[in-house]
Amino acid sequence: MATVALAVHGGAGTISKRRMTPALEAEYRGGLENALRAGWDVLHRNGSSMDAVEAAVSWLEDFPLFNAGRGSVFTHEGRVEMDAAIMDGRTREAGAVASVCNVQNPVQLARLVMERTKHVLLAGEGANQFAQQCGVKLQPDEYFFTEHRWRQLIDARNADRVQLDHSEGLEAPPAASLGTVGAVACDSYGYLAAATSTGGMTNKKFGRIGDTPLIGAGTYADGACAVSGTGHGEYFMRGVTAYDVAARMKHGGVSLADAAQASVDVLTELQGDGGLIAVDTHGNVALPFNSEGMYRGFVTGDGKMNVEIYGD
């Protein structure tokens with residue numbers, strides 16, 4: 001049997017320790033730990049890596065302190081539009097959705113795209129129609145409203161800027177939600193999977209879609225590794241970052257750790273902010289980032305959970 005492993009993230013960027021109260025830090029850590037438990041419960045029962053990443057990300061989507069699902073940021077028009085993707089490393093099948101509204105768990109809808117259609121990515125009104133057709137759980141607009149998110153939007157509108165929800169200068173309390181969420185896993189059969197979900201960028205306009213639902217940019221899994229990214233999506237798209245990790249392993253013969261770090265180094269060269277989580281078929285885990293911090297956690301074969309927020 002393979003060495004099982006699971007990693008999750010809740011966003012990377014400017015995460016200031018001086019603005020973090022002990023109670024708030026405990027809440028963030030608790031959220032990551034609960035997501036790890038949700039995924040680990042699947043792996044511990046010899047469940048699939050696909051089920052594990054879906055369970056972990058669904059939990060994070062329901063947790064309002066991260067920028068996905070319930071905690072998503074607002075667009076310029078004051079709407080919540082969400083993106084998500086999931087990929088099966090064993091078959092390289094994938095499903096993704098972009099700009100969906102009122103879906104409680106976009107990652108679950110992304111999996112249905114993979115399993116019930118011949119497509120990979122559905123967006124906008126068509127994706128919303130598909131959600132209704134599949135009977136996924138929908139929520140009213142009020143479910144996605146959080147006061148600090150609304151203040152972030154007003155601040156961004158006044159400054160005429162589009163921004164990551166963890167950027168400096170945000171008009172938000174220390175409890176502001178931070179970042180895209182994701183999970184990667186290796187199950188007991190050695191199969192890999194990745195899933196990512198996000199609310200995008202505060203005050204985004206013109207139908208902007210980031211890297212999260214783009215296979216190879218923010219989400220990727222194959223026989224070498226599974227990757228989920230978080231940060232400024234435009235740079236992940238330009239660097240094809242998630243696939244870049246796998247390509248370095250397969251074609252360059254380098255380790256997971258070295259490949260993941262090299263891909264983040266490319267982001268740095270492009271002046272992009274972010275990080276990623278990755279696992280391979282041996283249960284190795286890599287969590288590099290080039291920002292001040294990244295909400296992250298992992299658990300391997302010994303069942304011990306490790307959760308971190310800040311850089312070294």
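Please give the length that would be gained between residue 238 and residue 205 if that part of the chain were fully extended, namely 0.36 nm times their separation in residues minus their C-alpha to C-alpha distance (nm, one decimal).
Numbers: separation 33, 0.36 × 33 = 11.88 nm, distance 1.97 nm.
Here the answer is 9.9 nm.
In this rough spin-label picture, where each label sits 7 Å from Cα along the Cβ direction, the residue 306-residue 115 distance is 3.2 nm. In the chain the longest region clear of GluC sites (Glu not before Pro) that are loop-assigned by DSSP and have at most 10 other C-beta atoms within 10 Å covers 169-312. Ranked by how many other Cβ atoms sit within 10 Å of their own Cβ, fewest first, the residues 134, 186, 101 fall in the order 134, 101, 186. Taking every DSSP helix (H) stretch of at least 4 residues in the chain, weighting each as -39,500 (n - 2.57) and dividing the sum by the residue count yields a mean residue ellipticity at 222 nm of -10500 deg cm²/dmol.
A cut-off of 5 Å between modelled amide H atoms, ignoring neighbours fewer than 5 places along the same chain, links residue 193 with 89, 185. Across segment 118-135, computed HN-Hα scalar couplings (Karplus, 6.51 cos²θ - 1.76 cosθ + 1.60, θ = phi - 60°) run 9, 9, 10, 10, 10, 9, x, 4, x, 5, 5, 5, 4, 4, 5, 4, 7, x Hz from first to last residue, x flagging Gly and Pro. Principal axis extents of the C-alpha atoms in the chain (largest first, rounded to whole Å): 53, 46, 35.
Sparsely packed loop sites in segment 69-134 (the trypsin sites (Lys or Arg not before Pro) outside DSSP H, G, I, E and B with at most 11 other Cβ atoms within 10 Å) comprise 118.
Ranked for footprinting exposure by Cβ neighbours inside 10 Å, fewest first, 268, 202 give 268, 202.
Each value in this text was obtained by applying a stated rule to the coordinates, not by laboratory testing. It should be emphasised that the depicted structure is a prediction, and the values quoted were computed from it without experimental measurement. We place every Cβ from the backbone using ideal geometry, glycine too, and count neighbours over all the protein chains shown.
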